[in-house]
Amino acid sequence: SGVMSLLRPLLLDVVPTIQQTAALAFGRLANYNDDLAQAVVEGDILPLLVCSLSEQNRFYKRAAAFVLRAIGKHSPQLAQAIVQCGALEMLVICLEDFDPGVKEAASWALEHIARHNSELSQAVVDAGAVPLLVLCIQEPEIALKRIAASTLSDISKHSPELAQTVVDAGAIAHLAQMILNPDAKLKRQVLSALSQIAKHSVDLAELVVEAEIFPVVLTCLKDSDEYVKKNGATLIREIAKHTPELSQLIVNEGGVAAVIDCIGSCRGTVRLPGIMMLGYVAAHSENLSMAVIVSKGVPRLCACLLEEHEDHIKAAAAWALEQVGKHTPEHANAVAVTNVLSKLLAMYMDTRSSEDLQMKASIFTKRALKNILQKCTYLPALEPLLHDAPLNIMKHVVGQFSKVLPHDSKARRLFVTSGGLKKIQEIEAEPGSVLQECINIIKNCYPEEIVR
(Lines give C-alpha, C1' and ligand atoms only; values in the text may rest on other atoms or scores of the structure.)
Protein backbone atom coordinates (compact mmCIF):
# COMPACT_ATOMS: atom_id res chain seq x y z
CA SER A 1 0.00 0.00 0.00
CA GLY A 2 3.04 2.31 -0.05
CA VAL A 3 3.06 2.79 3.73
CA MET A 4 6.87 2.92 3.93
CA SER A 5 7.12 6.03 1.80
CA LEU A 6 4.27 7.67 3.75
CA LEU A 7 5.88 6.91 7.11
CA ARG A 8 9.36 8.09 6.14
CA PRO A 9 8.74 11.88 6.28
CA LEU A 10 6.99 11.43 9.65
CA LEU A 11 10.36 10.50 11.18
CA LEU A 12 11.32 14.16 10.62
CA ASP A 13 8.01 15.63 11.85
CA VAL A 14 8.15 18.64 14.16
CA VAL A 15 5.93 16.90 16.74
CA PRO A 16 8.08 14.48 18.84
CA THR A 17 5.25 11.99 19.51
CA ILE A 18 4.62 11.64 15.75
CA GLN A 19 8.32 10.89 15.23
CA GLN A 20 8.28 8.25 17.95
CA THR A 21 5.08 6.62 16.69
CA ALA A 22 6.44 6.50 13.14
CA ALA A 23 9.64 4.87 14.41
CA LEU A 24 7.58 2.32 16.37
CA ALA A 25 5.58 1.53 13.25
CA PHE A 26 8.79 0.87 11.32
CA GLY A 27 10.06 -1.30 14.18
CA ARG A 28 6.92 -3.43 14.21
CA LEU A 29 6.96 -3.85 10.44
CA ALA A 30 10.65 -4.82 10.45
CA ASN A 31 10.12 -7.17 13.38
CA TYR A 32 7.47 -9.16 11.47
CA ASN A 33 9.74 -10.83 8.90
CA ASP A 34 12.98 -10.37 6.99
CA ASP A 35 11.29 -9.20 3.75
CA LEU A 36 9.75 -6.24 5.57
CA ALA A 37 13.03 -5.58 7.39
CA GLN A 38 14.76 -5.56 4.00
CA ALA A 39 12.15 -3.09 2.73
CA VAL A 40 12.86 -0.76 5.66
CA VAL A 41 16.58 -0.86 4.86
CA GLU A 42 15.98 -0.27 1.14
CA GLY A 43 13.65 2.63 1.96
CA ASP A 44 16.64 4.56 3.35
CA ILE A 45 15.13 4.72 6.81
CA LEU A 46 18.33 3.86 8.71
CA PRO A 47 20.29 7.09 8.03
CA LEU A 48 17.29 9.13 9.26
CA LEU A 49 17.06 7.09 12.47
CA VAL A 50 20.77 7.23 13.14
CA CYS A 51 21.21 10.96 12.64
CA SER A 52 18.33 11.77 14.98
CA LEU A 53 19.32 9.17 17.64
CA SER A 54 21.79 11.48 19.34
CA GLU A 55 19.63 14.59 19.58
CA GLN A 56 16.14 13.31 20.38
CA ASN A 57 14.41 12.54 23.71
CA ARG A 58 14.54 9.19 25.50
CA PHE A 59 11.23 7.95 24.03
CA TYR A 60 12.50 8.43 20.49
CA LYS A 61 15.83 6.80 21.32
CA ARG A 62 14.05 3.72 22.62
CA ALA A 63 11.85 3.55 19.51
CA ALA A 64 14.83 4.01 17.17
CA ALA A 65 16.85 1.32 18.99
CA PHE A 66 13.81 -0.97 18.69
CA VAL A 67 13.82 -0.49 14.89
CA LEU A 68 17.55 -1.34 14.71
CA ARG A 69 17.00 -4.43 16.84
CA ALA A 70 14.02 -5.54 14.73
CA ILE A 71 16.06 -5.23 11.52
CA GLY A 72 19.28 -6.74 12.92
CA LYS A 73 17.71 -9.89 14.32
CA HIS A 74 16.82 -11.50 10.97
CA SER A 75 20.14 -12.12 9.22
CA PRO A 76 23.85 -11.22 9.15
CA GLN A 77 23.24 -9.21 5.96
CA LEU A 78 20.62 -6.99 7.60
CA ALA A 79 22.78 -6.60 10.71
CA GLN A 80 25.66 -5.60 8.43
CA ALA A 81 23.45 -2.88 6.89
CA ILE A 82 22.99 -1.41 10.38
CA VAL A 83 26.75 -1.43 10.97
CA GLN A 84 27.41 0.26 7.61
CA CYS A 85 25.08 3.16 8.33
CA GLY A 86 27.09 4.04 11.45
CA ALA A 87 24.46 2.96 13.98
CA LEU A 88 26.87 1.17 16.35
CA GLU A 89 28.54 4.39 17.53
CA MET A 90 25.13 5.91 18.26
CA LEU A 91 23.96 2.80 20.12
CA VAL A 92 27.10 2.83 22.24
CA ILE A 93 26.43 6.48 23.12
CA CYS A 94 22.93 5.36 24.19
CA LEU A 95 24.54 2.85 26.60
CA GLU A 96 25.73 5.90 28.56
CA ASP A 97 22.29 7.50 28.63
CA PHE A 98 20.79 8.53 31.95
CA ASP A 99 17.56 6.59 31.25
CA PRO A 100 17.77 2.81 31.97
CA GLY A 101 15.15 2.12 29.27
CA VAL A 102 17.39 3.70 26.62
CA LYS A 103 20.36 1.64 27.80
CA GLU A 104 18.23 -1.49 27.70
CA ALA A 105 16.96 -0.80 24.16
CA ALA A 106 20.49 -0.05 22.93
CA SER A 107 21.89 -3.19 24.54
CA TRP A 108 19.13 -5.25 22.96
CA ALA A 109 19.92 -3.85 19.50
CA LEU A 110 23.64 -4.56 19.98
CA GLU A 111 22.86 -8.14 21.02
CA HIS A 112 20.84 -8.78 17.86
CA ILE A 113 23.78 -7.56 15.78
CA ALA A 114 26.53 -9.42 17.70
CA ARG A 115 24.79 -12.79 17.83
CA HIS A 116 25.21 -13.57 14.10
CA ASN A 117 28.96 -14.02 13.61
CA SER A 118 32.41 -13.03 14.83
CA GLU A 119 32.81 -10.14 12.30
CA LEU A 120 29.65 -8.42 13.55
CA SER A 121 30.61 -9.14 17.17
CA GLN A 122 34.02 -7.61 16.50
CA ALA A 123 32.34 -4.51 15.08
CA VAL A 124 30.33 -4.16 18.32
CA VAL A 125 33.55 -4.56 20.34
CA ASP A 126 35.42 -2.04 18.18
CA ALA A 127 32.66 0.50 18.74
CA GLY A 128 33.54 0.36 22.47
CA ALA A 129 30.42 -1.42 23.73
CA VAL A 130 31.97 -3.99 26.09
CA PRO A 131 33.13 -1.78 29.02
CA LEU A 132 29.74 -0.03 28.98
CA LEU A 133 27.87 -3.35 28.95
CA VAL A 134 29.90 -4.41 32.00
CA LEU A 135 28.75 -1.20 33.70
CA CYS A 136 25.15 -2.01 32.69
CA ILE A 137 25.24 -5.40 34.48
CA GLN A 138 26.05 -3.46 37.67
CA GLU A 139 22.98 -1.23 37.36
CA PRO A 140 20.07 -1.84 39.77
CA GLU A 141 17.44 -2.52 37.04
CA ILE A 142 16.94 -6.27 36.56
CA ALA A 143 15.77 -5.95 32.94
CA LEU A 144 18.92 -4.01 32.02
CA LYS A 145 21.16 -6.52 33.83
CA ARG A 146 19.51 -9.38 31.90
CA ILE A 147 19.95 -7.94 28.45
CA ALA A 148 23.49 -6.69 29.11
CA ALA A 149 24.51 -10.17 30.34
CA SER A 150 22.85 -11.71 27.29
CA THR A 151 24.74 -9.34 24.97
CA LEU A 152 28.06 -10.19 26.64
CA SER A 153 27.19 -13.88 26.17
CA ASP A 154 26.54 -13.39 22.44
CA ILE A 155 29.77 -11.43 21.97
CA SER A 156 31.82 -14.08 23.83
CA LYS A 157 30.49 -17.11 22.00
CA HIS A 158 32.22 -16.67 18.65
CA SER A 159 35.95 -16.83 19.41
CA PRO A 160 38.56 -16.93 22.21
CA GLU A 161 39.68 -13.39 21.26
CA LEU A 162 36.18 -11.93 21.67
CA ALA A 163 35.71 -13.79 24.96
CA GLN A 164 39.08 -12.42 26.12
CA THR A 165 37.86 -8.87 25.37
CA VAL A 166 34.87 -9.44 27.65
CA VAL A 167 37.15 -10.88 30.34
CA ASP A 168 39.57 -7.95 30.07
CA ALA A 169 36.70 -5.56 30.74
CA GLY A 170 36.25 -7.26 34.14
CA ALA A 171 32.98 -9.05 33.33
CA ILE A 172 33.66 -12.38 35.08
CA ALA A 173 33.70 -11.06 38.66
CA HIS A 174 30.42 -9.18 38.21
CA LEU A 175 28.72 -12.09 36.45
CA ALA A 176 29.88 -14.56 39.11
CA GLN A 177 28.32 -12.43 41.86
CA MET A 178 24.92 -12.70 40.17
CA ILE A 179 24.72 -16.52 40.09
CA LEU A 180 22.70 -16.38 43.32
CA ASN A 181 20.36 -13.61 42.15
CA PRO A 182 16.73 -14.63 42.81
CA ASP A 183 15.64 -13.62 39.28
CA ALA A 184 15.58 -16.79 37.14
CA LYS A 185 15.83 -15.01 33.77
CA LEU A 186 18.91 -13.11 34.93
CA LYS A 187 20.52 -16.32 36.22
CA ARG A 188 19.95 -17.95 32.81
CA GLN A 189 21.83 -15.16 31.04
CA VAL A 190 24.63 -14.99 33.62
CA LEU A 191 25.27 -18.75 33.42
CA SER A 192 25.12 -18.61 29.64
CA ALA A 193 27.68 -15.77 29.50
CA LEU A 194 30.09 -17.61 31.82
CA SER A 195 29.66 -20.80 29.70
CA GLN A 196 30.44 -18.94 26.48
CA ILE A 197 33.62 -17.53 28.05
CA ALA A 198 34.75 -20.84 29.61
CA LYS A 199 34.22 -22.99 26.52
CA HIS A 200 37.07 -21.59 24.41
CA SER A 201 40.25 -22.50 26.28
CA VAL A 202 41.79 -23.85 29.49
CA ASP A 203 42.96 -20.36 30.47
CA LEU A 204 39.51 -18.82 30.13
CA ALA A 205 37.90 -21.74 31.99
CA GLU A 206 40.40 -21.31 34.83
CA LEU A 207 39.60 -17.59 35.05
CA VAL A 208 35.90 -18.45 35.44
CA VAL A 209 36.71 -21.03 38.15
CA GLU A 210 38.93 -18.52 39.98
CA ALA A 211 35.91 -16.22 40.35
CA GLU A 212 34.76 -18.73 43.00
CA ILE A 213 31.72 -20.00 41.11
CA PHE A 214 32.01 -23.35 42.98
CA PRO A 215 30.14 -24.58 44.94
CA VAL A 216 27.62 -21.76 44.32
CA VAL A 217 26.86 -22.83 40.75
CA LEU A 218 25.78 -26.29 41.98
CA THR A 219 22.69 -24.72 43.60
CA CYS A 220 21.52 -23.80 40.07
CA LEU A 221 21.20 -27.51 39.26
CA LYS A 222 18.37 -27.70 41.80
CA ASP A 223 16.63 -24.57 40.50
CA SER A 224 12.92 -24.72 39.68
CA ASP A 225 13.60 -23.04 36.31
CA GLU A 226 14.52 -25.62 33.65
CA TYR A 227 16.74 -23.20 31.72
CA VAL A 228 18.71 -22.26 34.83
CA LYS A 229 19.34 -25.99 35.36
CA LYS A 230 20.36 -26.47 31.75
CA ASN A 231 22.67 -23.43 31.63
CA GLY A 232 24.21 -24.38 35.00
CA ALA A 233 24.99 -27.87 33.71
CA THR A 234 26.33 -26.37 30.48
CA LEU A 235 28.71 -24.14 32.42
CA ILE A 236 30.04 -27.12 34.43
CA ARG A 237 30.38 -29.13 31.20
CA GLU A 238 32.36 -26.39 29.46
CA ILE A 239 34.81 -26.30 32.39
CA ALA A 240 35.06 -30.09 32.81
CA LYS A 241 35.89 -30.80 29.17
CA HIS A 242 39.26 -29.03 29.14
CA THR A 243 41.59 -30.90 31.53
CA PRO A 244 41.62 -33.71 34.13
CA GLU A 245 42.62 -31.10 36.76
CA LEU A 246 39.50 -29.00 36.16
CA SER A 247 37.34 -32.14 36.18
CA GLN A 248 38.96 -33.24 39.44
CA LEU A 249 38.17 -29.87 40.98
CA ILE A 250 34.51 -30.31 40.00
CA VAL A 251 34.49 -33.83 41.49
CA ASN A 252 36.02 -32.50 44.74
CA GLU A 253 33.30 -29.85 44.99
CA GLY A 254 30.58 -32.51 44.65
CA GLY A 255 29.80 -31.50 41.07
CA VAL A 256 29.45 -35.02 39.66
CA ALA A 257 26.87 -36.10 42.25
CA ALA A 258 24.97 -32.81 41.75
CA VAL A 259 24.84 -33.29 37.96
CA ILE A 260 23.68 -36.92 38.35
CA ASP A 261 20.84 -35.72 40.63
CA CYS A 262 20.03 -33.02 38.08
CA ILE A 263 19.65 -35.41 35.12
CA GLY A 264 17.45 -37.58 37.34
CA SER A 265 15.09 -34.70 38.08
CA CYS A 266 14.43 -33.49 34.53
CA ARG A 267 13.59 -34.75 31.04
CA GLY A 268 14.40 -33.94 27.44
CA THR A 269 17.08 -31.55 26.22
CA VAL A 270 17.59 -30.13 29.73
CA ARG A 271 19.43 -33.40 30.44
CA LEU A 272 21.82 -33.11 27.53
CA PRO A 273 24.59 -30.90 28.99
CA GLY A 274 24.61 -32.99 32.20
CA ILE A 275 24.96 -36.23 30.21
CA MET A 276 27.81 -34.72 28.18
CA MET A 277 29.52 -33.41 31.31
CA LEU A 278 29.60 -36.92 32.86
CA GLY A 279 31.10 -38.23 29.61
CA TYR A 280 33.81 -35.57 29.56
CA VAL A 281 34.75 -36.18 33.20
CA ALA A 282 34.87 -39.97 32.70
CA ALA A 283 36.92 -39.65 29.50
CA HIS A 284 39.87 -37.95 31.23
CA SER A 285 41.13 -40.81 33.40
CA GLU A 286 40.35 -44.12 35.16
CA ASN A 287 40.00 -42.39 38.53
CA LEU A 288 37.60 -39.75 37.25
CA SER A 289 35.57 -42.41 35.48
CA MET A 290 35.42 -44.33 38.77
CA ALA A 291 34.11 -41.15 40.46
CA VAL A 292 31.15 -41.22 38.03
CA ILE A 293 30.57 -44.94 38.75
CA VAL A 294 30.78 -44.50 42.56
CA SER A 295 28.31 -41.60 42.41
CA LYS A 296 25.84 -43.97 40.68
CA GLY A 297 26.09 -42.21 37.35
CA VAL A 298 25.77 -45.37 35.25
CA PRO A 299 22.14 -46.25 36.21
CA ARG A 300 21.16 -42.61 35.54
CA LEU A 301 22.77 -42.67 32.09
CA CYS A 302 20.99 -45.97 31.39
CA ALA A 303 17.71 -44.35 32.40
CA CYS A 304 18.37 -41.57 29.87
CA LEU A 305 18.84 -44.23 27.17
CA LEU A 306 15.48 -45.80 28.03
CA GLU A 307 13.37 -42.73 28.79
CA GLU A 308 14.41 -40.36 26.02
CA HIS A 309 12.91 -40.55 22.56
CA GLU A 310 15.22 -38.18 20.70
CA ASP A 311 18.14 -39.78 18.92
CA HIS A 312 20.70 -37.11 19.80
CA ILE A 313 20.05 -37.47 23.54
CA LYS A 314 20.26 -41.27 23.30
CA ALA A 315 23.48 -40.95 21.29
CA ALA A 316 24.95 -38.65 23.95
CA ALA A 317 24.03 -41.13 26.70
CA ALA A 318 25.63 -43.98 24.70
CA TRP A 319 28.77 -41.86 24.22
CA ALA A 320 28.93 -41.02 27.96
CA LEU A 321 28.55 -44.72 28.90
CA GLU A 322 31.37 -45.55 26.50
CA GLN A 323 33.64 -42.97 28.21
CA VAL A 324 32.85 -44.54 31.60
CA GLY A 325 33.34 -48.14 30.49
CA LYS A 326 36.30 -47.97 28.13
CA HIS A 327 39.17 -47.84 30.65
CA THR A 328 39.54 -51.26 32.35
CA PRO A 329 37.53 -54.49 32.88
CA GLU A 330 36.42 -53.09 36.25
CA HIS A 331 34.94 -50.03 34.54
CA ALA A 332 33.35 -52.05 31.73
CA ASN A 333 31.79 -54.52 34.19
CA ALA A 334 30.32 -51.65 36.23
CA VAL A 335 28.52 -50.57 33.06
CA ALA A 336 27.59 -54.12 31.96
CA VAL A 337 26.04 -55.05 35.33
CA THR A 338 23.22 -52.55 34.68
CA ASN A 339 22.10 -54.66 31.69
CA VAL A 340 22.75 -51.72 29.38
CA LEU A 341 24.61 -53.71 26.70
CA SER A 342 21.43 -55.32 25.40
CA LYS A 343 19.76 -51.88 25.38
CA LEU A 344 22.64 -50.45 23.39
CA LEU A 345 22.39 -53.37 20.97
CA ALA A 346 18.63 -52.86 20.55
CA MET A 347 19.28 -49.19 19.88
CA TYR A 348 21.94 -50.04 17.32
CA MET A 349 19.59 -52.47 15.55
CA ASP A 350 16.64 -50.07 15.62
CA THR A 351 16.10 -48.57 12.19
CA ARG A 352 12.93 -46.63 12.83
CA SER A 353 14.55 -43.29 13.69
CA SER A 354 15.11 -40.39 11.31
CA GLU A 355 17.85 -41.21 8.84
CA ASP A 356 20.51 -38.58 9.51
CA LEU A 357 20.24 -38.83 13.29
CA GLN A 358 19.93 -42.60 13.01
CA MET A 359 23.29 -42.67 11.23
CA LYS A 360 24.96 -40.60 13.96
CA ALA A 361 23.25 -42.44 16.82
CA SER A 362 24.19 -45.74 15.20
CA ILE A 363 27.87 -44.76 14.95
CA PHE A 364 27.96 -43.65 18.61
CA THR A 365 26.12 -46.75 19.79
CA LYS A 366 28.30 -49.13 17.79
CA ARG A 367 31.45 -47.47 19.14
CA ALA A 368 30.12 -47.57 22.70
CA LEU A 369 29.26 -51.27 22.38
CA LYS A 370 32.63 -52.11 20.87
CA ASN A 371 34.72 -50.20 23.44
CA ILE A 372 32.79 -51.50 26.46
CA LEU A 373 32.71 -55.09 25.10
CA GLN A 374 36.47 -55.17 24.53
CA LYS A 375 37.01 -54.64 28.26
CA CYS A 376 33.97 -56.45 29.70
CA THR A 377 34.51 -59.74 31.57
CA TYR A 378 31.03 -59.90 33.15
CA LEU A 379 29.67 -62.88 31.18
CA PRO A 380 25.97 -62.82 32.27
CA ALA A 381 25.69 -59.42 30.53
CA LEU A 382 27.34 -60.74 27.38
CA GLU A 383 25.27 -63.88 26.99
CA PRO A 384 21.99 -62.28 25.77
CA LEU A 385 23.99 -60.62 22.97
CA LEU A 386 24.91 -64.05 21.53
CA HIS A 387 21.33 -64.44 20.34
CA ASP A 388 20.75 -61.02 18.75
CA ALA A 389 24.00 -59.35 17.75
CA PRO A 390 24.99 -58.92 14.09
CA LEU A 391 28.37 -60.39 13.07
CA ASN A 392 30.31 -57.11 13.37
CA ILE A 393 29.30 -56.89 17.07
CA MET A 394 29.29 -60.68 17.60
CA LYS A 395 33.06 -60.94 17.05
CA HIS A 396 33.64 -58.67 20.10
CA VAL A 397 31.16 -60.64 22.25
CA VAL A 398 32.63 -64.06 21.33
CA GLY A 399 36.13 -62.56 21.70
CA GLN A 400 35.44 -61.79 25.37
CA PHE A 401 34.13 -65.32 26.01
CA SER A 402 37.29 -66.72 24.39
CA LYS A 403 39.41 -64.66 26.82
CA VAL A 404 37.51 -65.60 30.00
CA LEU A 405 36.33 -69.22 29.54
CA PRO A 406 39.75 -70.95 29.29
CA HIS A 407 40.60 -69.66 32.80
CA ASP A 408 37.25 -70.03 34.61
CA SER A 409 35.78 -73.52 35.15
CA LYS A 410 32.55 -72.28 36.75
CA ALA A 411 31.90 -69.97 33.79
CA ARG A 412 32.60 -72.87 31.39
CA ARG A 413 29.98 -75.03 33.07
CA LEU A 414 27.39 -72.22 33.01
CA PHE A 415 28.17 -71.56 29.37
CA VAL A 416 27.08 -75.10 28.49
CA THR A 417 23.93 -75.23 30.66
CA SER A 418 22.70 -71.83 29.45
CA GLY A 419 22.92 -72.92 25.82
CA GLY A 420 25.80 -70.57 25.03
CA LEU A 421 28.06 -73.31 23.64
CA LYS A 422 25.28 -74.54 21.37
CA LYS A 423 24.60 -71.00 20.19
CA ILE A 424 28.16 -70.14 19.20
CA GLN A 425 28.38 -73.32 17.13
CA GLU A 426 25.37 -72.11 15.13
CA ILE A 427 27.16 -68.87 14.19
CA GLU A 428 28.14 -68.89 10.53
CA ALA A 429 31.61 -67.37 10.68
CA GLU A 430 33.92 -67.12 7.69
CA PRO A 431 36.75 -69.69 7.80
CA GLY A 432 39.97 -68.02 8.96
CA SER A 433 38.19 -64.95 10.37
CA VAL A 434 38.81 -63.55 13.88
CA LEU A 435 35.32 -64.69 14.87
CA GLN A 436 36.05 -68.29 13.73
CA GLU A 437 39.32 -68.30 15.69
CA CYS A 438 37.53 -67.18 18.86
CA ILE A 439 34.86 -69.88 18.40
CA ASN A 440 37.62 -72.49 18.03
CA ILE A 441 39.34 -71.29 21.22
CA ILE A 442 36.05 -71.71 23.13
CA LYS A 443 35.38 -75.18 21.66
CA ASN A 444 38.89 -76.25 22.62
CA CYS A 445 38.08 -75.58 26.30
CA TYR A 446 35.66 -78.53 26.28
CA PRO A 447 35.90 -82.29 25.75
CA GLU A 448 34.88 -83.48 22.26
CA GLU A 449 31.63 -85.22 23.40
CA ILE A 450 30.36 -82.03 25.12
CA VAL A 451 31.03 -80.01 21.97
CA ARG A 452 29.09 -82.61 19.96
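The values are calculated or read from the model by the stated rules, or taken from the named source; none is laboratory data. Predicted, not measured: the structure shown is a model, and the values here were computed from it. Note that each Cβ is placed from the backbone with ideal geometry, even for glycine, and that neighbours are counted across all protein chains shown. Areas reflect the complete protein model, heavy atoms only, side chains present, ligands, DNA and RNA absent. Shrake-Rupley method; radii C 1.70, N 1.55, O 1.52, S 1.80 Å.
I need the full set of residues from the range 105-147 which are within 15 Å of residue 53 (Cα to Cα) and of a type outside the set (A, V, I, L, M), in order please.
Within the range 105-147, 107 is the sole residue that qualifies.
Given (1) within 24 Å of residue 54 (Cα to Cα); (2) open to solvent by less than 20 Å² (accessible area, probe 1.4 Å); (3) within 27 Å of the chain's Cα centre (by Cα), where does residue 102 come up short, assuming only one miss?
With respect to (1) within 24 Å of residue 54 (Cα to Cα); (2) open to solvent by less than 20 Å² (accessible area, probe 1.4 Å); (3) within 27 Å of the chain's Cα centre (by Cα), residue 102 is out only on (3).
What about residue 1, is it open to solvent by less than 20 Å² (accessible area, probe 1.4 Å), over 40 Å from the mean Cα position of the chain (by Cα) and either farther than 25 Å from residue 146 by Cα or not small (Gly, Ala, Ser) (or both)?
Here the answer is no, as residue 1 does not meet what is asked.
Residue 44 fails exactly one of the following numbered conditions: (1) surrounded by fewer than 18 Cβ atoms within 10 Å (Cβ to Cβ); (2) within 26 Å of residue 153 (Cα to Cα). What is the number of that condition?
The number of the failed condition is (2).
Give me the residue from the range 35-54 that is in a helix (DSSP H, G or I) and of a type in the set (Asp, Glu) and, out of that set, nearest to residue 91 (Cα to Cα).
Among residues in the range 35-54 that are in a helix (DSSP H, G or I) and of a type in the set (Asp, Glu), the one nearest to residue 91 (Cα to Cα) is 42.
Does residue 107 meet the test of being touching a residue at least 12 places away in the same chain (Cβ under 8 Å), closer than 18 Å to residue 186 by Cβ, of a type in the set (S, T, N, Q) and assigned to a helix (DSSP H, G or I)?
yes
Mind listing whichever residues of the range 4-20 are farther than 15 Å from residue 71 by Cβ and buried (at least 17 other Cβ atoms within 10 Å of the Cβ)?
19, 20
Pick from the range 238-296 the residues that are assigned to a helix (DSSP H, G or I), hydroxyl-bearing (Ser, Thr, Tyr) and under 16 Å from residue 198 (Cβ atoms): which of them is most open to solvent (accessible area, probe 1.4 Å)?
The selected residue is 280.
(1) within 44 Å of the chain's Cα centre (by Cα); (2) at pLDDT below 90: which one isn't true of residue 419, the others all being true?
Result: residue 419 fails condition (1) only.
Let me confirm something: among 362, 295, which residue is in contact (Cβ under 8 Å) with a residue 24 or more places away in the chain and closer than 28 Å to residue 241 by Cα?
Result of the check over 362, 295: 295.
Residues that are open to solvent by 30 Å² or more (accessible area, probe 1.4 Å): find the helices (runs of 4 or more DSSP H) completely inside the range 333-452 holding 2 or more of those.
340-349, 355-373, 385-388, 391-404, 409-417, 420-426, 434-443, 448-451
Please specify each residue of the range 10-34 satisfying the condition of being closer than 20 Å to residue 76 by Cβ and outside any helix (DSSP H, G or I).
Across the range 10-34, the qualifying residue is only 33.
Report every pair of residues separated by at least 6 positions or lying on different chains whose Cβ atoms are under 7 Å apart, first residue within the range 389-415 and modelled with pLDDT of 90 or more and hydroxyl-bearing (Ser, Thr, Tyr), second open to solvent by less than 20 Å² (accessible area, probe 1.4 Å) and assigned to a helix (DSSP H, G or I).
Close Cβ pairs satisfying both conditions: 402/438; 402/442.
Within the set of pairs 6 or more residues apart or between chains, which connect a residue that is over 14 Å from residue 49 (Cβ atoms) and in contact (Cβ under 8 Å) with a residue 12 or more places away in the chain inside the range 1-19 to a residue that is open to solvent by 60 Å² or more (accessible area, probe 1.4 Å) and outside any helix (DSSP H, G or I) with Cβ atoms less than 8 Å apart?
If the second residue must be open to solvent by 60 Å² or more (accessible area, probe 1.4 Å) and outside any helix (DSSP H, G or I), the pairs left are 16/57.
With 115, 188, 146 as the choices, which residue is touching a Phe, Trp or Tyr at 6+ places or on another chain (Cβ under 8 Å), closer than 25 Å to residue 31 by Cβ and either hydroxyl-bearing (Ser, Thr, Tyr) or at pLDDT 95 or above (or both)?
Going through 115, 188, 146 in turn, just one is touching a Phe, Trp or Tyr at 6+ places or on another chain (Cβ under 8 Å), closer than 25 Å to residue 31 by Cβ and either hydroxyl-bearing (Ser, Thr, Tyr) or at pLDDT 95 or above (or both): 188.
Taking the stated definitions as given, is residue 209 crowded, with 24+ Cβ neighbours inside 10 Å, at negative phi and part of a helix (DSSP H, G or I)?
No: the conditions fail for residue 209.
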